[in-house]
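Below: one structure, written as structure tokens.
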Amino acid sequence: MKNLFLPVLALCAVLSTSSCEKEKHFLKEKSYRKQVREQLEKRKSEAWRRSDALFSVLDKESLSLEQREALEFLYAYMPLCDLADYDGEFFLKQVNAAFNARSYFSWGKTVPDDIFRHFVLVYRINNEYLDTARSVFFEELKERVKNLSMYEAALEVNHWCHEKVTYRGTDGRTSSPLALVKTSWGRCGEESTFTTAALRAVGIPARQCYTPRWVHTDDNHAWVEVWVDGQWRYLGACEPEPELDVAWFTGPAKRAMMVHTVVFGLYTGTEEKNVETPLYSKINLLANYADTRKVEVCVVDENDRPVENAKVQFKVYNYAELYPIAETVTRKEGKTSIVSGMGDVVVWASKDDRFGYRKSEAKGGETLVKLSRKAGATYEENFVVNVPAEQPVKELPAEKVAANAVRLAYEDSIRNAYMGTFIGEDEAHRLAQQHRLNPTEMWKYLSLSQGNWREVRDFIVENKRHPDLFPFLASLTAKDLRDTPAGYLRDHLQNRDSIRVKSGTPQELVVPYILSPRIDRELIKPWRSYAQQQLSAEKQEAVRSNVGLIADYVRSEVKISDEENYYSCRITPQGVHELKIADRRSRNIFFVAACRSFGIPARVEGSTGKTQYFENGQWIDVAFEPSTSLNLPKAKLAVHSSPDNLTRPGYYSHYTLAYFKDGDFQTLDFEGSPQVSRLPCTLELDEGYYRLMAGSRANDGSVFVHTEYFTLKKDVPASVTIRLPETEGKLFVKGIVDMNTIVTLSSGSKATLKELSKGRGLMLCFLDMGKEPSKHILQDIPAVRDDLNEWGGGVLLAVPGDKAATASAISAFKGLPQNTSHAIDSNRELLRAVTSALQIEFSDNFPLTIYLSRNGGILYSAVGYRIGTGEEILKTIRKEENSK
């Protein structure tokens, strides 16, 4: 009889085994699983107001154990913006897409669990707004890469990315990956977010890396690391090369002082962690790129006693300010450290009302910082910031570079063909005529909207008789026009009639500070109708009469947790209202959105970041924390430029002003502000303690810095004079141009300024060949042709698009250097970049001639009629070579 049961027992064993295989753990380590679930319970208790929207998906009986644990991992560690603005079905789709990619591609089974967990499963890259890109990209890429090796697939995905997106500078808000595809261009942070999303979509682990700030030049950069066959490699996002670990930024990265990435969740990797919290880590990847050193610091008080829990920031000079690349706190013995590069770093320490700072040099030992300073002292300082030396970079074989260039040109043609489907000026004018609208305004906003032009067209046509239509569009940023659906814009403009504007509001404030949905750097969402539904007409009238009621509500109802929103993606106003937890920036946006919804002018003030509303003829500061100083008396500061300066000082290019708060100086954001566009100027600032910082960058990247510390008081006249320090024994950099800027040559091909420089430098001339002065410079250049040929750099003759009819006249001039190229500068984009870097106003006084070092530093410039320009540039080149 026992033998009769053997087949049954065997079948049961098979079924049991099959069930175990089906229900295998995603989080395989029991201890790790326990930590995740403990953290999940904390998040559930915090997000209970959105419990159904977020967590009901976990109750689905159809969920496998792997799906459930993957969701638990995501919920346990996701930032507040995701808890507030998305739902469980969205995250389940992200999980399913990640698992689908892992099973579909051959390399999926080679990826370790922890690498997959942090660098494939995770749906967020940085501070972008989320969409369904993972599924869309998988469908587009799967057939293209499925038969490739993992290495080949990583390269191929980047080629696909280049077909879709190219580089162009834009504002700091990060568009979603699908929005970027719609536009076809974005800054490096957007390109790297997009490329990382594409790689993860096909199951290749990827992470966005960035240097917070360069030190040898201004600005920063972001790129991508991919995990391929057991090791992390790098690539330039949307900038495909024939091999991994090859990119234009290889050289600059060797001079970096910090490279890091944010890792979602509890991370057990071996990399050094600059930041480690219960939700995320920020890991230091600098050693992958550059020589490093340990920057050791000891902080003491005025009596030389070690200071515990002092805040220590490690800062580099960039954009005329000291920017923190890392932050730590001291241990009991007053010590802390980070791993950084082989240049100088300013160590800034503070605790309570004391602060101190000192420069740490590459060859120095431990840096001792004494907390001996308090706000109020008036003094000046000069110092030099030395940067890591330039390092050699391995070059690829010429045949590989040439073959890749052919493919890049083809990919450009694919993208350009798509961009050719955007509306043209003639069609925009016909549309304007059809609807009796201003054709100039119609073309302006449709051209700015790029791939989103149909949405903006529909919005304009729907609201063509609205008196505030074009002023409303003018209140938006160019990026808003590129990625905001018509329905979202409709929510704000078409609710105009339901808004009772607060009495006493000047008419000029109604559109920008009530109707406009643009507040800070958040994605525009349809929050206005939602907000109006929350209060009856009677209560709306009450808050118009007493704005303090809104501020009181925010203070009492919205809990603040900056660290929990660690990617700094702004939470929508509706998300803040539903979750009742937010970071400070999202809280401020919420307050402004609420005010505007009820007809109260409000803003986040641009230069200081203060939250304000308008009442009784003035802007009123709003304080949500007890320690915030409100409506401080105003003082006037006159800002002058020294007549000895070699160039016109520009804000952020050469100088900044900063006010003292909480142990450190916070830079006032006057970028692009007309208040500082001309010097001298007079600024109205809060009373307080300030710092003026001015710097001159030399051609080797080092910076000569001058600082002044002073106090502003009401009714006490004050002035500062910007004195750009001399770059002793080195060439002065007048401004910086991005050498990765792409130009279209007269042949139709494209090239970057870096490529045209031939690794040496670039003489760039903007010409109007219909005028005599431009012809003079083409007579000057042949006189130094042999010297320029021997030097080996490039010469670019650029004719603005509006002067293109004169470009053919260049052919009449013979004897130009062998590396001379011609280009049409459509829309004057390159010309604007140069004049912006030089901080000059330019109105057709051609030629404009500059000399760019290979790092993009402007070492020479001349405007208008001038004899001997070629000789002057040659002298500059020789000085540059002698100073190396």
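The values are calculated or read from the model by the stated rules, or taken from the named source; none is laboratory data. These numbers come from a predicted model, not from an experiment. Positions of Cβ are backbone-derived with ideal geometry, glycine not excepted, and every protein chain shown enters the neighbour counts. Keep in mind that these areas ignore ligands, DNA and RNA; they rest on the heavy atoms of the full protein, side chains included. Shrake-Rupley method; radii C 1.70, N 1.55, O 1.52, S 1.80 Å.
Overview of results
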item	result
Residue satisfying condition, being buried (at least 21 other Cβ atoms within 10 Å of the Cβ) and assigned to a loop (DSSP other than H, G, I, E, B), within set ILE524, ILE589, ILE550, ILE514	ILE524
Among residues of segment 741-765, those that are assigned to a strand (DSSP E or B) and either open to solvent by 30 Å² or more (accessible area, probe 1.4 Å) or not β-branched (Val, Ile, Thr) (or both), counted	10
Unique match (being hydrophobic (A, V, I, L, M, F, W, C), in a loop (DSSP other than H, G, I, E, B), open to solvent by less than 70 Å² (accessible area, probe 1.4 Å) and touching a Phe, Trp or Tyr at 6+ places or on another chain (Cβ under 7 Å)) among PHE624, PHE670, PHE660	PHE670
Tabulated pairs, segment 326-343, first touching a residue at least 24 places away in the same chain (Cβ under 8 Å) and among the basic types (Lys, Arg), second in a loop (DSSP other than H, G, I, E, B) and open to solvent by 30 Å² or more (accessible area, probe 1.4 Å), C-beta under 6 angstrom, 6+ apart or interchain	LYS332/GLU308
Of all residues in segment 288-297 being open to solvent by less than 90 Å² (accessible area, probe 1.4 Å) and either of a type in the set (D, E, K, R) or more than 33 Å from the chain's Cα centre (by Cα) (or both), the one that is farthest from TRP232 (Cα to Cα)	GLU296
First in segment 25-48 and in a loop (DSSP other than H, G, I, E, B), second anywhere and open to solvent by 70 Å² or more (accessible area, probe 1.4 Å) and basic (Lys, Arg), Cβ under 9 Å, 6 or more apart	LEU27/ARG37
Neighbours by Cβ (under 6 Å, 6+ apart or cross-chain): first from segment 873-884, surrounded by 13 or more Cβ atoms within 10 Å (Cβ to Cβ); second part of a helix (DSSP H, G or I)	LEU874/VAL784; LEU874/ASP787; ILE877/TRP791
Hey, ALA326 part of a loop (DSSP other than H, G, I, E, B) and open to solvent by less than 50 Å² (accessible area, probe 1.4 Å) or not	no
Complete set of residues in segment 86-120 that are open to solvent by 10 Å² or more (accessible area, probe 1.4 Å), in contact (Cβ under 8 Å) with a residue 40 or more places away in the chain, within 16 Å of GLU66 (Cα to Cα) and not hydrophobic (A, V, I, L, M, F, W, C)	LYS93, GLN94, ARG102, ASP113, ASP114, ARG117
Looking only at segment 370-408, and only at residues there that are closer than 27 Å to GLU728 by Cβ and not in a loop (DSSP other than H, G, I, E, B), the one that is farthest from the chain's Cα centre (by Cα)	TYR379
Hey, SER673 modelled with pLDDT under 95, polar (S, T, N, Q), closer than 23 Å to THR477 by Cα and out of contact with any Asp or Glu (no Cβ under 7 Å at 6 or more places or on another chain) or not	yes
ILE600, sole failed condition from (1) under 29 Å from the mean Cα position of the chain (by Cα); (2) within 25 Å of ASN546 (Cα to Cα); (3) open to solvent by less than 20 Å² (accessible area, probe 1.4 Å)	(1)
Subset of segment 415-439 (residues that are surrounded by 13 or more Cβ atoms within 10 Å (Cβ to Cβ) and among the β-branched types (Val, Ile, Thr))	ILE423
Pairs, first touching a residue at least 24 places away in the same chain (Cβ under 8 Å) in segment 662-676, second of a type in the set (Asp, Glu), C-beta under 8 Å, six or more apart	GLY663/ASP352; GLY663/ASP353; THR667/GLU321
Segment 745-766 residues that are within 17 Å of GLY801 (Cβ to Cβ) and touching a residue at least 12 places away in the same chain (Cβ under 8 Å), paired with ones that are in a loop (DSSP other than H, G, I, E, B) and among the aliphatic types (A, V, I, L, M) (beta carbon under 9 Å, 6 or more apart)	LEU764/VAL737
Residue match in segment 94-109 (condition: within 26 Å of GLN574 (Cα to Cα) and out of contact with any Pro (no Cβ under 8 Å at 6 or more places or on another chain))	yes
Flag for VAL345 being of a type in the set (Val, Ile, Thr) and either open to solvent by 10 Å² or more (accessible area, probe 1.4 Å) or in contact with an Asp or Glu (Cβ under 8 Å, 6 or more places away or on another chain) (or both)	no
ASP738 within 23 Å of ARG168 (Cβ to Cβ), assigned to a loop (DSSP other than H, G, I, E, B) and touching a residue at least 12 places away in the same chain (Cβ under 8 Å)	yes
Condition check for LYS730: out of contact with any helix residue (DSSP H, G or I) (no Cβ under 7 Å at 6 or more places or on another chain) and of a type in the set (Lys, Arg)	no
Neighbours by Cβ (under 6 Å, 6+ apart or cross-chain): first from segment 298-318, more than 15 Å from GLY663 (Cβ to Cβ); second crowded, with 20+ Cβ neighbours inside 10 Å and basic (Lys, Arg)	VAL316/ARG213; ASN318/ARG213
Residues being of a type in the set (Phe, Trp, Tyr), without any contact (Cβ under 8 Å) to a residue 60 or more places away in the chain and closer than 14 Å to LYS754 by Cβ - total across segment 233-252	1
Lone qualifier among ARG293, ARG255 - being farther than 25 Å from HIS162 by Cβ, in contact (Cβ under 8 Å) with a residue 24 or more places away in the chain and in contact with a His (Cβ under 7 Å, 6 or more places away or on another chain)	ARG255
Cβ pairs under 8 Å, 6+ apart, first in segment 363-376 and on the phi > 0 side of the Ramachandran plot, second among the β-branched types (Val, Ile, Thr)	GLY376/THR711
Scope segment 124-175; condition part of a helix (DSSP H, G or I), of a type in the set (Val, Ile, Thr) and either open to solvent by 40 Å² or more (accessible area, probe 1.4 Å) or at positive phi (or both); matching residues	VAL136
Residue list for segment 696-709, filter: of a type outside the set (A, V, I, L, M), modelled with pLDDT of 95 or more and in contact with a Phe, Trp or Tyr (Cβ under 6 Å, 6 or more places away or on another chain)	TYR709
Any hit, segment 814-828, residues being at pLDDT below 90 and outside any helix (DSSP H, G or I)	yes
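Okay, residues lined up against (1) modelled with pLDDT under 95; (2) farther than 30 Å from HIS221 by Cα:
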site: LYS42; (1), (2): no, yes
site: ARG50; (1), (2): no, yes
site: ALA53; (1), (2): no, yes
site: GLU61; (1), (2): yes, yes
site: LEU80; (1), (2): no, no
site: ALA98; (1), (2): no, no
site: ALA101; (1), (2): no, no
site: ARG117; (1), (2): no, no
